[in-house]
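Accompanying notes for the structure given below.
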Amino acid sequence: MDYDITDIELASSGRKRIEWAGLEMRVLESIRKRFEATKPLKGTRIGACLHVTSETANLAITLKAGGAEVFLCASNPLSTQDDVAASLVRDFGISVFARKGEDGETYYQHIESVLSREPVVTMDDGADLITTFHRKYEERAKRVLVGTEETTTGVIRLKSMEKMGVLLYPVIAVNDAYSKHLFDNRYGTGQSTLDGIIRATNLLLAGRVLVVFGYGMCGKGISSRAKGMGSNVIVVEVDSLKALEAVMDGFEVMSSLEAARRGDIFITATGDKHVIRREHFDLMKDRAVVCNSGHFDVEIDIPALESMCESRIRIREHVEEFRLSDGRRVYLLGEGRLVNLAAAEGHPACVMDLSFSNQALSVEYALSNSNDLERKVYRVPADIDSEIARLKLETLGIEIDQLTPEQKDYLESWTLGT
Ligand code: ADE
């Protein structure tokens, strides 16, 4: 078996982590048991470009249990858990191409390694695998049956490919399932972003002014959790409806320039480029902390910050100090990459259970319906979405009511009024 990882000797620690995460992934476990018995993915080559974490390991093991051959590379150079990668190779026979801290060239070589196995299913978190496939290996890409996409940024890229008429195979937007983005983006990003900031800096959040850029599901999760920890939260948002929602949720909303003057800690979660740039750094207080929770490392204009500083030094493992010419210091966390995965462990397993159950069931669904799918971006079918929520409630031991026949009739009728 082919692989490229940091150190196979780390496998024993990785295995324990995979098992620990698995305890919180009970929906995925039930899917795995069914897959083991029925082998719905038999003989399917799956190329996956995901964060190589203990949660992803549980997904890869589930896909293999369903009969698939899995080739895994990282969707971010900093998020790989090297011990998990080692255990996947040694204990589970899964080909992994990922090393924590790999440079840009190695990152893309690893994507190439996965593509060279000619997968017929692709799984992405940010669309780097599928876009490389389209750009460099069009003929091979045409033979792919289906792809899936885990995150908002990736779905945006894929919808743009569909609109331009260049998408070569159908893709399921796992991110857009309710049982994914209402939970993973909000509770997962919310908690793990603060976890990353705390692990990187050990700063107290209570009493600090924390500025959140973007009030999508991720921004909402970060804001409400930070408020719960005693921060004074300011939201910066360009969409009037979302900005109004933030106001009604009790947050201060203001322009980015005003927020730049007021903030102690800045977090970007927008999916867009240069959200924090020179004009903001110009206004920040001494010792401002900036970090990113959006998919790519483009939200903070790091080249601008570099050009403004007299020195750049590493202070702690995930903290770099930029000393500006007027003496002010700006601290950048995790090189501007996803702080929750660079400095912490990403979303907790309990919530990745929902996201990765969507992945597993979407692949199963797409393979058995591949003849009916066109070169488009599809939502996860509604029945899969609600079944995952039902199973999660069941694993949590929570029972919910059902409508009575009378209530069903009432909802279906238009004749009953005042
Ligand atoms: N994305 C965010 N958190 C993650 C995790 N723990 N594993 C895989 N992908 C993630």
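Throughout, read-outs are computed from the coordinates displayed, never taken from laboratory work. Keep in mind it's a predicted model, so treat the numbers as computed, not measured. No Cβ is skipped: glycine too gets one built from the backbone with ideal geometry, and neighbour counts run over all protein chains shown.
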Top-ranked residue in the range 83-124 [being buried (at least 19 other Cβ atoms within 10 Å of the Cβ) and acidic (D, E); ranked as farthest from L338 (Cα to Cα)]: D83
Options I61, I31, I46, I18: the member that is in contact with a strand residue (DSSP E or B) (Cβ under 7 Å, 6 or more places away or on another chain), touching a residue at least 40 places away in the same chain (Cβ under 8 Å) and either at negative phi or not in a helix (DSSP H, G or I) (or both): I46
Output for the range 197-216, where each listed residue is of a type in the set (A, V, I, L, M, F, W, C) and either over 25 Å from K180 (Cβ atoms) or touching a residue at least 60 places away in the same chain (Cβ under 8 Å) (or both): I197, I198, A200, L203, L204, L205, A206, V209, L210, V211, F213
Residue in the range 50-71 that is surrounded by the most Cβ atoms within 10 Å (Cβ to Cβ), counting only those that are within 18 Å of T131 (Cβ to Cβ) and within 11 Å of the ligand (Cβ to nearest atom): L50
Residue, farthest from the ligand (Cβ to nearest atom), within the range 316-353, restricted to residues that are in a strand (DSSP E or B) and among the aliphatic types (A, V, I, L, M): L324
Residue match in the range 232-247 (condition: of a type in the set (K, R) and away from the ligand (no atom under 16 Å from the Cβ)): yes
Which numbered condition L23 misses (of (1) under 18 Å from L354 (Cβ atoms); (2) within 11 Å of the ligand (Cβ to nearest atom); (3) aliphatic (A, V, I, L, M)): (2)
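Residues checked against (1) in a loop (DSSP other than H, G, I, E, B); (2) among the acidic types (D, E); (3) within 22 Å of the chain's Cα centre (by Cα); (4) within 24 Å of K376 (Cα to Cα):
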residue	(1), (2), (3), (4)
E162	no, yes, yes, yes
R186	no, no, yes, no
T193	no, no, yes, no
I197	no, no, yes, no
G207	yes, no, no, no
G219	no, no, yes, no
S224	no, no, yes, no
I234	no, no, no, no
Single condition I222 does not satisfy, out of (1) without any contact (Cβ under 8 Å) to a residue 60 or more places away in the chain; (2) closer than 30 Å to L59 by Cα: (1)
Pairs with Cβ under 6 Å, 6+ apart, first in the range 93-110 and under 15 Å from M1 (Cβ atoms), second of a type outside the set (A, V, I, L, M, F, W, C) and outside any helix (DSSP H, G or I): S95/D2; S95/Y3; V96/Y3; F97/D4; A98/T80
Matching residues, the range 72-90, being away from the ligand (no atom under 12 Å from the Cβ) and among the β-branched types (V, I, T): V89
Residue that is over 24 Å from G188 (Cα atoms), polar (S, T, N, Q) and within 19 Å of the chain's Cα centre (by Cα), where the choices are T53, T106, T44, T131: T131
Filter result (surrounded by fewer than 20 Cβ atoms within 10 Å (Cβ to Cβ) and touching a residue at least 40 places away in the same chain (Cβ under 8 Å)) within the range 162-186: E162, L168, D176, Y178
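Every residue, every condition in (1) assigned to a loop (DSSP other than H, G, I, E, B); (2) in contact with a helix residue (DSSP H, G or I) (Cβ under 6 Å, 6 or more places away or on another chain); (3) surrounded by fewer than 19 Cβ atoms within 10 Å (Cβ to Cβ), yes or no:
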| position | (1), (2), (3) |
| --- | --- |
| A304 | no, yes, yes |
| S311 | no, no, yes |
| R314 | no, no, yes |
| S357 | no, yes, no |
Total residues in the range 333-348, condition more than 15 Å from D125 (Cβ to Cβ) and surrounded by 24 or more Cβ atoms within 10 Å (Cβ to Cβ): 4
Test set (1) closer than 26 Å to R143 by Cα; (2) in contact with a strand residue (DSSP E or B) (Cβ under 6 Å, 6 or more places away or on another chain); (3) assigned to a helix (DSSP H, G or I) - V89 fails condition number: (1)
Residue in the range 380-403 that is touching a residue at least 24 places away in the same chain (Cβ under 8 Å), away from the ligand (no atom under 16 Å from the Cβ) and not in a helix (DSSP H, G or I) present: yes
